[in-house]
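The values are calculated or read from the model by the stated rules, or taken from the named source; none is laboratory data. Remember, predicted model here, so these are calculated numbers, not experimental data. Virtual Cβ from ideal backbone geometry, glycine too; neighbours counted across all protein chains shown.
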Amino acid sequence: MTMAHQWHVYDTLDQASVAAADELERQINTCLQQQDSCHVILPGGNTPVKCLQLLAEKKLPWQKIHWYLTDERCYPIGHEDRNDSMLQEHFWSRISATNIHRIQADLGPEVAASLYRETIRPISNFDIAFLGMGQDGHTASLFPGNSGLNDQRSVIPVYDSPKQPDERVSLGISTLQKVNFRMVLAAGTDKADIIARIKNHESLPINDLGDITWFIDHAAGAKS
C-alpha cells in the first residue's frame, strides 16, 4: 500500500495537542457542512487527554456528533483502565450532548464484538478516526503478529494481547482502512524508533491503514 502520510512536527506534546484539536474541529465542521451527522472514532491511552480537553472547549454542534471507540479492554464497567473511563473523565463529561457508543467489553470479546458490529452496521465509512499508536506500531488493539490482523470483520475479538489485559475488542483493520480521515497524535523519545520505521514504510498495523495525518513532537521525530 502506498502511503501519503502528512507530518506536522511541534516542539512539545502540548503544542501538537493544540494543533490536533484544531484539526479535529476543522474536520468535524467540514463533515457537517456536507451531511447531518458526523461519526468519529476515538482512542484510549494518556497521550490524547490534552487534545480531547481542548476539543471539549470548542463550540461544535455536539448533538450531531457520534463517538465510537477504536477498541476496549475486557474489564468491568468503570474500571480505571478501560478506554471509556478515560474518555468519560476527560472528554464526554465536558461536552453538552453526548452520542456515545460504548463497547460492552465486560461481556467478553466474542459477545462484545458481535454487539458492536451491529452498532456500527449502518455506517459504511466512518468520517474521522483519531487513532493511538504503541511503540510496536499497533493501533486500536491490532498488534503486530496477532491473528486479529487477519480477521476481516468490522469489529473483532482480540486474544493473547501482548499488553494487559489479554482479551480485548477492536475495530477491525477493514473498518479503519475505510475511514475518510485518519490522524495520530504521538510524542516522546519512546516513539522515535517506531516513527522512523513507519517513515521507512515497514509493514506495521498503523502503516497498513492508508494515509494518516500525524501530529508529533520533535522528540518523537528525532530518529527520522
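Some values worked out for this structure:
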quantity: Any hit, the range 5-12, residues being free of Cβ contacts under 8 Å to residues at least 40 places away in the same chain and surrounded by fewer than 21 Cβ atoms within 10 Å (Cβ to Cβ); calculated: no
quantity: Scan of the range 133-148 for residues that are in a loop (DSSP other than H, G, I, E, B) and touching a strand residue (DSSP E or B) at 6+ places or on another chain (Cβ under 6 Å), ordered by number; calculated: MET133, ALA140, SER141
quantity: Residue in the range 27-79 that is surrounded by the most Cβ atoms within 10 Å (Cβ to Cβ), counting only those that are among the polar types (S, T, N, Q) and under 24 Å from VAL169 (Cα atoms); calculated: THR70
quantity: Candidates GLY132, GLY108 - the one that is closer than 13 Å to PRO205 by Cα and modelled with pLDDT of 95 or more; calculated: GLY132
quantity: Hits in the range 78-132 (condition: of a type in the set (A, V, I, L, M, F, W, C) and assigned to a strand (DSSP E or B)); calculated: ILE100, ILE128, ALA129, PHE130, LEU131
quantity: Only listed residue being out of contact with any Lys or Arg (no Cβ under 8 Å at 6 or more places or on another chain), surrounded by fewer than 16 Cβ atoms within 10 Å (Cβ to Cβ) and either over 23 Å from ASN46 (Cβ atoms) or free of Cβ contacts under 8 Å to residues at least 40 places away in the same chain (or both), chosen from ASN125, ASN180; calculated: ASN180
quantity: Any hit, the range 24-44, residues being β-branched (Val, Ile, Thr), under 17 Å from TRP92 (Cβ atoms) and assigned to a helix (DSSP H, G or I); calculated: yes
quantity: Close pairs from the range 14-33: first over 16 Å from HIS66 (Cβ atoms), partner of a type in the set (Phe, Trp, Tyr) and modelled with pLDDT of 95 or more, Cβ under 8 Å, at least 6 apart; calculated: ALA16/TYR10; ALA16/PHE215; SER17/PHE215; ALA19/TYR10; ALA19/PHE215; ALA20/PHE130; ALA20/PHE215; GLU23/PHE215
quantity: Any hit, the range 87-109, residues being within 23 Å of ASP22 (Cβ to Cβ) and surrounded by 20 or more Cβ atoms within 10 Å (Cβ to Cβ); calculated: yes
quantity: Residues of the range 195-224 classified as touching a Leu at 6+ places or on another chain (Cβ under 8 Å) and without any contact (Cβ under 8 Å) to a residue 40 or more places away in the chain, total; calculated: 0
quantity: Which listed residue is under 19 Å from VAL49 (Cα atoms) and surrounded by 15 or more Cβ atoms within 10 Å (Cβ to Cβ), from ILE173, ILE195, ILE216, ILE206; calculated: ILE216
quantity: Residues (among the small types (Gly, Ala, Ser) and at positive phi) located in the range 125-163; calculated: GLY137, ALA140, GLY145
quantity: All positions within the range 134-153 that are among the polar types (S, T, N, Q) and over 12 Å from ASP71 (Cα atoms); calculated: GLN135, ASN146, SER147, ASN150, GLN152
